[in-house]
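Each remark here refers to the structure printed beneath this line.
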Amino acid sequence: MTDRPSLLLYDWDNTLVDGWAAIAGALNATFQAFGKPLWTVEETKQRVRVALKESFPPMFGDRWEEARDVFYAAFKDNHLSYVQPMPDVTAALEAGAAWTQGVVSNKAGAYLRAEVAHLGWDRHFGTVIGAGDASADKPSPAPIFLALEKLGRQADRSVWYLGDTALDMVAARAAGVTAVLVGDASHDGGVENAAPDIHFPSAYHLAAELRLLA
């Protein structure tokens, strides 16, 4: 059995929810406006890693802020209709209710909190931190530190940060908390590339372990 955590912090997209269709749709609306090739949902999963303010300048150059506005307008129109829980995540969050839980994501804070409310998950989380809320976004540890500050906690190895990518694991290690991978990270070079401290093949396995630890 794994050592019992003291606090659970989660990434959002592809960890707790499947929001890729909404992201791909908003990206393609932006690409179409700028005459760029469109991406499939699978290509979006492979290519989207960091927050928009980091990824858009290389993609759109001096017009990146204009592209950002197009993306967010398209995203605002449809993201709530697309967002769905990942398989077995509801059971994992219920099992995790034995601990304080929170979210730290690179999704823009306003949209992130709207999705949390839309799913009725406010009751699960003591804090919800999105892109732009902290001084820097993941892989910086700043948003994890901000979440801990809001929860009145210090960073240590008893805090779990659970995500689906190598970037999430980098952020966790930079913050000095335990890096927990959920899923096989097949969209991000696999488990070996992510190099987590703890690995759960799925939210089903996570829920089972949390029930035992609780």
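Readers should treat all values here as calculations from the given coordinates under stated rules, not as data from a laboratory. Quantities reported herein were computed from a predicted structural model and do not represent experimental measurements. All Cβ positions, glycine included, derive from the backbone under ideal geometry; neighbour counts span all protein chains shown.
General remarks:
- For the chain: relative contact order, % (alpha-carbon pairs under 8 angstrom, 6 or more apart): 25 percent
- Selected from Ser140, Ser81, Ser105 as most flexible by GNM, with the chain as the system and alpha-carbon contacts under 10 Å: Ser81
- Ranked Ile129, Ile198, Ile23, Ile144, criterion: other C-beta atoms within 10 Å, fewest first: Ile198, Ile23, Ile144, Ile129
- Placing +1 on the Cβ of every Lys and Arg and -1 on the Cβ of every Asp and Glu, with nothing else charged, gives the stretch 20-82 a dipole about its Cα centre of roughly 140 debye.
- Scoring 36-45, 107-116 by mean Cβ neighbours within 10 Å over their residues and listing the highest first yields 107-116, 36-45.
- Think of each Lys and Arg Cβ as +1 and each Asp and Glu Cβ as -1; about the Cα centre, that makes the dipole of the chain roughly 320 debye.
- Listed by chain and number, the lysines placed with their C-alpha closer than 24 angstrom to that of Lys138 are Lys45, Lys53, Lys76, Lys107, Lys150; residues fewer than eight positions away on the same chain are left out.
- By the count of other C-beta atoms within 10 Å, a proxy for reagent exposure, Asp188, Asp11, Asp18, Asp62 are ordered fewest to most as Asp62, Asp18, Asp188, Asp11.
- Coarse-grained scattering of the stretch 20-82 at q = 0.17, 0.20, 0.27 Å⁻¹, given as base-10 log I(q)/I(0) from a Debye sum over alpha-carbon atoms: -0.52, -0.73, -1.34
- Rounded to 10°, Cα long-axis angle of helix 109-118 versus longest principal axis of the chain: 60 degrees
- Gyration tensor verdict on the stretch 62-184 (Cα atoms; rounded if a/c is under 1.5, prolate if a/b is larger than b/c, oblate otherwise): oblate
- Rounded to whole Hz, the Karplus (6.51, -1.76, 1.60) HN-Hα couplings of the stretch 41-57, x for glycine and proline: 4, 5, 5, 4, 4, 6, 9, 7, 10, 10, 5, 4, 5, 8, 7, 6, x
- A cut-off of 5 Å between modelled amide H atoms, ignoring neighbours fewer than 5 places along the same chain, links Asn14 with Gly19.
- Based on DSSP H segments of at least four residues, each scored -39500 (n - 2.57), the chain has a per-residue ellipticity at 222 nm of -14000 deg cm²/dmol.
- When DSSP beta bridges are restricted to pairs lying wholly in the chain, around 10% turn out antiparallel.
- Look at the alpha carbon pairs under 8 Å that are at least 6 residues apart: their mean separation over the length of the stretch 20-82 gives a relative contact order of 47 percent.
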